[in-house]
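The values are calculated or read from the model by the stated rules, or taken from the named source; none is laboratory data. Being a predicted model, the structure only gives us computed values, none of them experimental. With ideal geometry, Cβ positions are generated from the backbone for all residues, glycine too; neighbour counts draw on all protein chains shown. Ligands, DNA and RNA are stripped out before the accessible areas are found, and what is left, the full protein with its side chains, is counted by its heavy atoms. Shrake-Rupley method; radii C 1.70, N 1.55, O 1.52, S 1.80 Å.
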Amino acid sequence: MMNQVKDIMNQLAELGSEQTLKTFRNHGGVEPMYGVKIGDMKPILKKHKNNHQLALELYKTGNSDVMYLAGLMSNPSLLTPEVLDEWVERAPWHMISEYTVAWNAAESPYGFEMARKWIESDKELIAGAGWSALGCLMALTPDERIDKEEVDQLLDRVENQIPDAPNRVRYVMNGFIIAVGSYYKPSAEKALEIANRVGKVSVNVGNTACKVPYAPDYIRKVWDTGRLGAKRKEVRC
């Protein structure tokens, strides 16, 4: 197993570029990392897809590129709450916490359980992972398996807390409003109402050209194209 880990790390090191490293750093990326484009990981992923034990070992390396690959390689159905907690604690920056960890949590059998726990954290990356996972769960979970009362309470909480929330938590809270308005029909109208009241969300996105989605416009576009409530089979990509 360790030979496989070393081999994959060597392959990723060769695929890394200074330009991609610079991009990641501008987004807040934390070393160590090689600077590998996601698309360039796909041949390695294809060879090892669903090799869950290997994914667990790769995530432990602490290298951002390797951790991201691990999150694509894993089998979320085999993840436990203990491993998910370990993953979120180890996440070095938001690309791993809000995407790799949140995606895997949402696709695991413990999505709501982990998200509810993480959003209570006073650590920005962990709380961000929780809100991101909740948004993913709106996209994945059939409406009849979602508690409308809980979603409505979460929307109210976002409206109340988003002005004073930590930087990246504001970003994913805004994403949660969009997810409810786009994927969860029973609370979509409420999500749009809150999106209008919250308005433009200010987030420091580093030295990048990234923009925070304006939730009302995003939700209306989904509605206008007839995609409201169209669920996804997976969120990892």
If we sort 78-91, 53-66, 4-17, 196-209 on the protection proxy, mean other Cβ atoms within 10 Å, highest first, what's the order? 53-66, 78-91, 4-17, 196-209
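In the chain, carbon and sulfur make up what percent of the accessible area (probe 1.4 Å)?
Summing carbon and sulfur atoms, their accessible area is 49 percent of the total for the chain.
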Residue by residue through the range 42-50, which ³J(HN,Hα) values in whole Hz follow from phi under the Karplus form 6.51 cos²θ - 1.76 cosθ + 1.60 (θ = phi - 60°), with glycine and proline marked x? 4, x, 5, 4, 4, 6, 10, 3, 6
Eligible aspartates and glutamates near Lys47 by straight Cα distance, threshold 14 Å, same-chain separation 8 or greater: Asp7
Do the alpha carbons of any pairs in Lys60/Lys123; Lys60/Lys117; Lys185/Lys221; Lys190/Lys211 sit beyond 18 Å of each other, and which pairs? Lys60/Lys123; Lys60/Lys117; Lys190/Lys211
Straight-line reach from Lys233: which aspartates and glutamates have a Cα under 13 Å away, not including same-chain ones fewer than 8 places off? Glu107
In terms of Cα to Cα distance under 16 Å, which aspartates and glutamates are near enough to Lys200, apart from those fewer than 8 places away along the same chain? Glu159, Asp164, Asp217
Within 10 Å, count the other beta carbons around each residue, average over each peptide in 177-184, 105-112, and list them highest first. 177-184, 105-112
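Output the Kirkwood hydrodynamic radius of the range 163-218, Cα pairs only, in Å rounded to one decimal.
11.6
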What FRET efficiency comes out for the pair Asn10/Glu82, r = Cβ-Cβ distance, R0 = 30 Å, nearest 0.05? 0.50
Per residue of the range 62-73, in order, report the coupling 6.51 cos²θ - 1.76 cosθ + 1.60 (Karplus, θ = phi - 60°) as ³J(HN,Hα) in whole Hz, putting x for Gly and Pro. x, 8, 4, 5, 5, 5, 5, 4, 4, x, 7, 7
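How many Å² of accessible area per residue for the chain, probe 1.4 Å?
On a per-residue basis, 48 Å².
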Residue-averaged 222 nm ellipticity for the chain, from DSSP H runs of 4+ at -39500 (n - 2.57), nearest 500: -18500 deg cm²/dmol
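Against the empirical 2.2 N^0.38 Å scaling, what ratio does the C-alpha Rg of the chain come to?
It is 1.01.
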Nearest 10 degrees, 0 to 90: what angle lies between the long axis of helix 2-15 and the longest principal axis of the chain (Cα atoms)? 70
Show Glu144, Glu113, Glu124 ordered by accessible area, largest first, where the area counts protein heavy atoms only and the probe is 1.4 Å. Glu144, Glu113, Glu124
Does the range 101-237 come out rounded, prolate or oblate by the C-alpha gyration tensor, with a ≥ b ≥ c the root eigenvalues, rounded set by a/c under 1.5 and, if not, prolate when a/b is larger than b/c and oblate if not? rounded
Label-point separation (nm) for Asn3 and Ser121, each offset 7 Å from Cα along Cα-to-Cβ? 3.6
Output for the range 55-127 (equivalent-ellipsoid semi-axes, sqrt of 5λ from the C-alpha gyration tensor, Å, descending) is 17, 15, 9
Output the relative contact order of the chain, whole-number percent, from Cα pairs under 8 angstrom with separation of 6+ residues. 15
Would you work out the charge dipole size for the range 1-83 about its Cα centre, treating the Cβ of every Lys and Arg as +1 and the Cβ of every Asp and Glu as -1, and quote it to the nearest 20 debye? 220
Treat every Asp and Glu Cβ in the chain as -1 and every Lys and Arg Cβ as +1, leave all other atoms uncharged, and give the resulting dipole magnitude about the Cα centre to the nearest 20 debye. 800
